[in-house]
Amino acid sequence: MAVTEDVCTESAAVKAASAAAAGTMAVGTAAQELRLKRGEFAIAVHLGLIRLTLPPDGGRPRAGCEEVDRLRSQEGFPEALRERVRTVGTAKGAQQLGISPDRFTRLARAGCLTPITFYLNRYRAIVWLYLADELTGFAARESRLLTGRSPAWLRDQLAGGTDCRARNWRSRRVERLLSLTEDPWARAAVLADSLDPVQLAEVVDDPYERAYLARIRPEPAFGPTGPPLARETMAYLMQADEPDEMLWRRVSLIMELDNAREARPAPRPGGEWRAMPRPGSVREGTPDSPADAGPGPASVPVPAIPPRSGPAPGPAQAPTDVAEPALGLLARIGLRGRTARAASRRKSGPGRASFGA
């Protein structure tokens, strides 16, 4: 009797999974139906223009047939959809803004323009790409930066060697990934991905918790495709590389870990891994919410619900009348110059890829 019940239960689960997948299609098929290239589809997913769902039994995200039909029925399809995800490099971006490529690069390095993705050229240099739609909006808002002499604050930043392209891309990407789920462990996994292994071990000293965070880290919609060098460069760019940014990521991770530990402990040997949606699993969300994307189709996660309200990046301030919690937090962050030393190590870089235009 017990065997019969087990078989019935398994059959019911298989039928439920089959029914859930019946109204969906693979992301590759959806891209063909929407007449998008893989890179264009991945950017549309990350921008929230296309909503994906994660099968209940796990596996790769899938696109709903109703979602594809909705997009195909929109006015101007497919040109309108492709225009919203069109990207340009430095040369075409400068031409669109009516400025020189050198001025375009200076604006991007100063943080006025944020890349949407990147690729590696034949020389293994990073080439940043920008959303054409965002450049149009920038030209309308900041036309004074496109003509005449650059303002003093911009000249001072560039004179000091500032290059905000990687940091701005990373910041927008992290914030977008945090919006994909409200599960505290999944949110902690996103923040853990922004720290190098040494700093992560200082903040999360439990190896089982680190293993759990690595297991549930967000995955791209098309899976881990692409050459190894591109994936290594992606992982390298995701890590904070300036002292103030590293400090903020550590503080944010500690806060999220506290919430996660209160919700449930991380799995231990001998127990079962608890099934939970990755930051790429979608619930109903706003399809047109702005976001940033990772490098090409191999690194763009799946968007989900709108961002949960939380602390904005900035200096963490503890209440002046509560000394012990503040001291405990500083000890857990691991100050004593380790953040500065980590930044110094990263300045030398792993030699994987150089920064291009």
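When Lys and Arg each count +1 and Asp and Glu each count -1, what net charge do the other residues less than 15 Å away from Ala152, Cβ to Cβ, add up to?
Details: positive: Arg106, Arg144, Arg149, Arg155; negative: Asp156.
Once all neighbours under 15 Å are counted, the net charge is +3.
Using the alpha-carbon positions of the stretch 107-180, Rg (one decimal) and Dmax (whole number) come out as 13.9, 42 Å.
Can you give the translational diffusion coefficient of the stretch 177-255 in µm²/s, computed by Stokes-Einstein from the Kirkwood radius over Cα pairs at 20 °C and 1.002 mPa s?
Working: Rh = 13.2 Å.
Stokes-Einstein gives a translational diffusion coefficient of 162 µm²/s.
Working from the Cα coordinates of the stretch 40-124, the gyration tensor eigenvalues give, after taking √(5λ), semi-axes of 32, 18, 10 Å in decreasing order. In order along the stretch 28-37, the Karplus-derived 3J(HN,Hα) couplings, from 6.51 cos²θ - 1.76 cosθ + 1.60 at θ = phi - 60°, round to x, 5, 5, 4, 5, 5, 8, 6, 10, 6 Hz, and Gly and Pro are given as x. Distances between placed amide hydrogens fall under 5 Å for Ile126 paired with Ser354, Phe355, Gly356, all partners being 5 or more residues away or on another chain. Once the chain from Thr162 to Glu175 is taken as fully extended at 0.36 nm per residue, the excess over their C-alpha distance is 2.5 nm. Averaged per residue, the stretch 157-220 has 35 square angstrom of accessible surface, using a 1.4 angstrom probe with ligands and nucleic acids left out.
How many times 2.2 N^0.38 Å is the alpha carbon radius of gyration of the stretch 74-149? Display every interim value, and only then the final one.
Working: Rg = 13.5 Å, N = 76, 2.2 N^0.38 = 11.4 Å.
Normalised Rg, Cα atoms only: 1.18.
Accessible surface ranking for Arg173, Arg35, Arg122, Arg51, 1.4 angstrom probe, highest first: Arg122, Arg35, Arg51, Arg173.
The values are calculated or read from the model by the stated rules, or taken from the named source; none is laboratory data. Computed from a predicted structure; not experimentally measured. Neighbour counts are summed over all protein chains in view; Cβ atoms, including those assigned to glycine, are modelled from backbone coordinates with ideal geometry. All accessible areas refer to the heavy atoms of the entire protein, side chains included, with ligands and DNA or RNA removed. Shrake-Rupley method; radii C 1.70, N 1.55, O 1.52, S 1.80 Å.
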